[in-house]
1. Give me the accessible area per residue for region 56-100, probe 1.4 Å, as a whole number in Å².
2. Applying the Karplus parametrisation 6.51 cos²θ - 1.76 cosθ + 1.60 with θ = phi - 60° to the phi angles of region 98-115, what ³J(HN,Hα) value in whole Hz is obtained for each residue in order, glycine and proline being reported as x?
3. Over the chain, what is the relative contact order in percent, taking alpha-carbon pairs closer than 8 angstrom and at least six residues apart?
4. Taking amide hydrogens as modeled 1.01 Å from N in the peptide plane, which residues meet the under 5 Å criterion relative to Lys119, leaving out close sequence neighbours?
5. Modelling each spin label as a point 7 Å along the Cα-to-Cβ direction, I'd like the Ile4/Cys29 distance in nm, to one decimal.
6. Tell me, what is the 1.4 Å probe accessible area of Thr85, in Å² to the nearest 10?
7. Using 0.36 nm per residue, how much length does the chain from Gln55 to Thr68 gain when fully extended, once their Cα-Cα distance is taken away?
8. Within the chain, what whole-number % of the accessible surface is contributed by carbon and sulfur, with the 1.4 Å probe and all protein chains included in the calculation?
Amino acid sequence: MNLIGNIIWLIFGGFLVFLEYMVAGLVLCLTIIGIPFGIQCFKIGMLSLFPFGQQVRDVPGNTGCLSTVFNVIWIVIGGIWIALTHLVFGIILAITIIGLPFAKQHFKLMSLSLTPFGKEVY
(Lines give C-alpha, C1' and ligand atoms only; values in the text may rest on other atoms or scores of the structure.)
Protein backbone atom coordinates (compact mmCIF):
# COMPACT_ATOMS: atom_id res chain seq x y z
CA MET A 1 0.00 0.00 0.00
CA ASN A 2 2.92 2.33 0.65
CA LEU A 3 4.06 1.96 -2.97
CA ILE A 4 0.61 2.79 -4.34
CA GLY A 5 0.28 5.76 -1.98
CA ASN A 6 3.70 7.08 -2.99
CA ILE A 7 2.90 6.76 -6.70
CA ILE A 8 -0.39 8.62 -6.31
CA TRP A 9 1.37 11.23 -4.14
CA LEU A 10 4.01 11.80 -6.84
CA ILE A 11 1.44 12.15 -9.61
CA PHE A 12 -0.70 14.67 -7.76
CA GLY A 13 1.94 17.14 -6.69
CA GLY A 14 4.51 15.36 -4.54
CA PHE A 15 7.21 15.70 -7.17
CA LEU A 16 6.62 19.45 -7.46
CA VAL A 17 6.89 19.84 -3.69
CA PHE A 18 10.11 17.83 -3.80
CA LEU A 19 11.54 20.12 -6.50
CA GLU A 20 10.58 23.24 -4.53
CA TYR A 21 12.38 22.00 -1.42
CA MET A 22 15.44 20.99 -3.44
CA VAL A 23 15.69 24.37 -5.18
CA ALA A 24 15.25 26.17 -1.86
CA GLY A 25 17.94 23.96 -0.32
CA LEU A 26 20.35 24.71 -3.15
CA VAL A 27 19.75 28.45 -2.85
CA LEU A 28 20.25 28.33 0.91
CA CYS A 29 23.49 26.37 0.53
CA LEU A 30 25.02 29.16 -1.57
CA THR A 31 26.02 30.94 1.62
CA ILE A 32 27.89 29.50 4.57
CA ILE A 33 25.24 30.78 7.00
CA GLY A 34 22.44 29.10 5.04
CA ILE A 35 23.98 25.62 4.82
CA PRO A 36 22.28 24.21 7.96
CA PHE A 37 18.93 25.50 6.69
CA GLY A 38 19.58 24.10 3.21
CA ILE A 39 20.29 20.69 4.69
CA GLN A 40 16.93 20.81 6.48
CA CYS A 41 15.24 21.67 3.18
CA PHE A 42 16.86 18.60 1.64
CA LYS A 43 15.59 16.48 4.54
CA ILE A 44 12.03 17.77 4.13
CA GLY A 45 12.28 17.39 0.36
CA MET A 46 13.28 13.74 0.60
CA LEU A 47 10.35 13.10 2.93
CA SER A 48 7.99 14.89 0.56
CA LEU A 49 9.13 12.70 -2.33
CA PHE A 50 8.09 9.39 -0.72
CA PRO A 51 6.17 10.16 2.52
CA PHE A 52 4.32 6.86 2.85
CA GLY A 53 6.18 4.35 5.00
CA GLN A 54 8.48 6.93 6.61
CA GLN A 55 8.29 8.32 10.13
CA VAL A 56 9.54 11.51 11.78
CA ARG A 57 10.95 11.31 15.28
CA ASP A 58 12.99 13.42 17.64
CA VAL A 59 16.71 12.76 17.66
CA PRO A 60 17.51 10.76 20.77
CA GLY A 61 19.92 12.39 23.17
CA ASN A 62 20.73 15.97 23.91
CA THR A 63 20.58 18.17 20.81
CA GLY A 64 21.63 21.28 22.71
CA CYS A 65 20.44 24.82 22.48
CA LEU A 66 21.74 25.31 18.94
CA SER A 67 18.88 23.33 17.41
CA THR A 68 16.41 25.41 19.44
CA VAL A 69 17.98 28.64 18.19
CA PHE A 70 17.97 27.36 14.61
CA ASN A 71 14.31 26.27 14.94
CA VAL A 72 13.34 29.76 16.13
CA ILE A 73 15.21 31.34 13.20
CA TRP A 74 13.59 28.82 10.83
CA ILE A 75 10.08 29.62 12.13
CA VAL A 76 10.59 33.38 11.89
CA ILE A 77 12.11 33.30 8.40
CA GLY A 78 9.50 31.09 6.75
CA GLY A 79 8.82 27.83 8.55
CA ILE A 80 5.47 29.04 9.84
CA TRP A 81 4.24 29.69 6.30
CA ILE A 82 5.41 26.31 5.04
CA ALA A 83 3.69 24.59 7.98
CA LEU A 84 0.48 26.57 7.42
CA THR A 85 0.48 25.54 3.76
CA HIS A 86 0.73 21.87 4.71
CA LEU A 87 -2.00 22.41 7.32
CA VAL A 88 -4.39 23.92 4.76
CA PHE A 89 -3.74 21.13 2.25
CA GLY A 90 -4.17 18.55 5.02
CA ILE A 91 -7.51 20.01 6.08
CA ILE A 92 -8.74 20.16 2.48
CA LEU A 93 -7.74 16.54 1.89
CA ALA A 94 -9.27 15.40 5.19
CA ILE A 95 -12.71 16.47 4.02
CA THR A 96 -13.06 13.31 1.92
CA ILE A 97 -12.47 9.75 3.01
CA ILE A 98 -10.21 9.10 0.03
CA GLY A 99 -7.99 12.02 0.99
CA LEU A 100 -7.40 10.98 4.61
CA PRO A 101 -4.12 9.10 4.01
CA PHE A 102 -2.78 12.07 2.05
CA ALA A 103 -3.94 14.49 4.75
CA LYS A 104 -1.99 12.44 7.28
CA GLN A 105 1.15 12.83 5.16
CA HIS A 106 0.64 16.59 4.96
CA PHE A 107 0.30 16.74 8.75
CA LYS A 108 3.55 14.76 9.03
CA LEU A 109 5.26 17.22 6.68
CA MET A 110 3.77 20.09 8.67
CA SER A 111 5.33 18.92 11.91
CA LEU A 112 8.73 18.51 10.26
CA SER A 113 8.59 21.79 8.36
CA LEU A 114 7.70 23.78 11.47
CA THR A 115 10.71 22.61 13.53
CA PRO A 116 13.12 20.54 11.41
CA PHE A 117 16.18 20.80 13.64
CA GLY A 118 16.48 17.98 16.15
CA LYS A 119 14.28 15.60 14.13
CA GLU A 120 15.13 12.73 11.85
CA VAL A 121 13.28 10.81 9.17
CA TYR A 122 13.46 7.02 9.23
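1. 71 Å²
2. For region 98-115, the Karplus curve yields 5, x, 4, x, 6, 5, 4, 5, 5, 5, 5, 5, 5, 5, 6, 6, 7, 9 Hz.
3. Relative CO of the chain lands at 29 percent.
4. Hits under the 5 Å cutoff: Val59.
5. 3.6 nm
6. Solvent-accessible area, nearest 10 Å²: 70 Å².
7. Once the chain is fully extended between Gln55 and Thr68, it gains 2.6 nm.
8. Carbon-and-sulfur percentage of accessible area, whole number: 79.
The values are calculated or read from the model by the stated rules, or taken from the named source; none is laboratory data. Keep in mind it's a predicted model, so treat the numbers as computed, not measured. Don't worry about glycine lacking a Cβ; one is built from the backbone with ideal geometry, like all the others, and counts go over all protein chains shown. Heads up: the accessible areas ignore ligands, DNA and RNA and are worked out on the full protein's heavy atoms, side chains in. Shrake-Rupley method; radii C 1.70, N 1.55, O 1.52, S 1.80 Å.
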